[in-house]
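Beneath this line is the structure, given in structure tokens, with notes to follow.
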Amino acid sequence: MTVLGGGYIASGPAGPARAPQPYLPAGLRYAPEEGAGEVQTPLLGPAADDLRIGDRVWFRHAKAGELCEHFDALHLVDGDTVTESLPTYRGEGRTFL
């Protein structure tokens with residue numbers, strides 16, 4: 001399955017620790033010849049077979065800065081439940097770059 005976006009690599013030296021990790025649904029992994037992409041991210045694994053257009057895939061990111069540059073809110077997740085959504089500085093109408 002190829003998902004839209006998701007691949008915001010954290011700043012700093014390149015490496016696996018800077019890449020966002022597919023989190024939900026459980027059982028997703030990157031294709032070995034690809035990886036995280038800002039436009040599209042191919043994913044493999046048993047859970048990929050069940051995804052349909054419009055389904056959400058959640059990633060855990062190494063740092064919040066890249067997300068705050070692209071999105072209006074960050075979602076706090078406990079298990080598989082969104083417990084709260086908080087505005088980023090973009091969501092508050094501010095830009096720094």
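The values are calculated or read from the model by the stated rules, or taken from the named source; none is laboratory data. Please read all numbers here as calculations on a predicted model, not as lab measurements. Glycine also receives a Cβ, built like all others from the backbone with ideal geometry; neighbour counts cover every protein chain displayed.
Can you name the residue in region 37-79 that is touching a residue at least 40 places away in the same chain (Cβ under 8 Å) and either assigned to a loop (DSSP other than H, G, I, E, B) or among the polar types (S, T, N, Q) (or both) and, of all such residues, is nearest to residue 8 (Cα to Cα)? Selected residue: 61.
Can you confirm whether region 2-18 contains a residue that is in a strand (DSSP E or B) and more than 21 Å from residue 77 (Cβ to Cβ)? Yes, the conditions are met somewhere in region 2-18. Quick one: residue 66 ticks every box in (1) surrounded by fewer than 14 Cβ atoms within 10 Å (Cβ to Cβ); (2) within 23 Å of residue 89 (Cα to Cα); (3) of a type in the set (Asp, Glu); (4) at pLDDT below 90 except a single one, so which number is it? Tallying (1) surrounded by fewer than 14 Cβ atoms within 10 Å (Cβ to Cβ); (2) within 23 Å of residue 89 (Cα to Cα); (3) of a type in the set (Asp, Glu); (4) at pLDDT below 90, residue 66 fails exactly one: (1). Identify the residue in region 19-36 that is aliphatic (A, V, I, L, M) and in a loop (DSSP other than H, G, I, E, B) and, among all such residues, is surrounded by the fewest Cβ atoms within 10 Å (Cβ to Cβ). Out of the qualifying residues, it is 26.
Exactly one residue among 50, 72, 78 is in contact with a Lys or Arg (Cβ under 6 Å, 6 or more places away or on another chain) and more than 14 Å from residue 20 (Cα to Cα), and that residue is 72. Name the single residue that is surrounded by the fewest Cβ atoms within 10 Å (Cβ to Cβ) among those in region 1-14 being under 13 Å from residue 61 (Cα atoms) and not hydrophobic (A, V, I, L, M, F, W, C). Only one residue fits best here, namely 11.
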